[in-house]
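Report on the structure given below.
Laboratory data are not the source of any read-out in this text; all were calculated from the coordinates shown. Worth saying up front: this structure is predicted, and the values here are computed from it rather than measured. With ideal geometry, Cβ positions are generated from the backbone for all residues, glycine too; neighbour counts draw on all protein chains shown.
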Amino acid sequence: MNTNSLQQHVNEPTRGNNILDLVMTITDLSINGLEVTDKIGDHQMIDFSLEVQDPNTRTQHKQVLDYKRANFELMKKELGSYNYEVLMNNKNAEECYMILKDKIATAT
């Protein structure tokens with residue numbers, strides 16, 4: 001089973017002297033408290049808990065700008081000081097956008 005990245009967790013018989021009931025996981029999952037317990041019909045019951053992480057609960061970091069603290073007059077003055085005709089001469093729309101975006105991002 002290791003060739004398929006699976007791990008078998010049941011290590012004792014579940015029907016007579018045979019392991020017929022399996023609990024297989026990918027190797028990095030956590031199986032806790034696995035026990036072969038009481039019979040159900042002619043098989044033993046397997047009791048265990050599985051630790052899983054909800055993929056939607058990942059921590060996400062997001063930068064939030066504080067516009068209340070921004071000095072818009074200074075930004076307006078700084079952004080107005082550039083000669084955009086010279087900066088954007090012979091540039092395509094994408095290049096002009098990147099220039100403007102960079103100037104806004106680095107404005108005081």
Exercise for review: Using per-residue counts of other Cβ atoms within 10 Å, averaged over each peptide, order 5-13, 89-97 from highest down.
Suggested key: 5-13, 89-97
Point to revise | Qualifying lysines (Cα of each under 17 Å from Cα of LYS91; at least 8 residues distant if same chain) | key: LYS101, LYS103
Study note, to complete from the structure: Relative contact order as a percentage, the chain, C-alpha pairs under 8 Å and 6+ apart, gives 16
Review point. In degrees, nearest 10, range 0 to 90: what is the angle between the Cα axis of helix 93-106 and the longest Cα principal axis of the chain?
Key: 90
**Study point:** Cα centroid separation, region 92-108 to region 27-59 (Å)
**Key:** 54
Exercise for review: In debye, nearest 20, what is the charge dipole magnitude of the chain about its Cα centre with +1 on Lys and Arg Cβ and -1 on Asp and Glu Cβ, if you could check?
Suggested key: 860
Check your understanding: Convex hull volume of the Cα atoms in region 16-104, per residue, in Å³?
Key -> 215
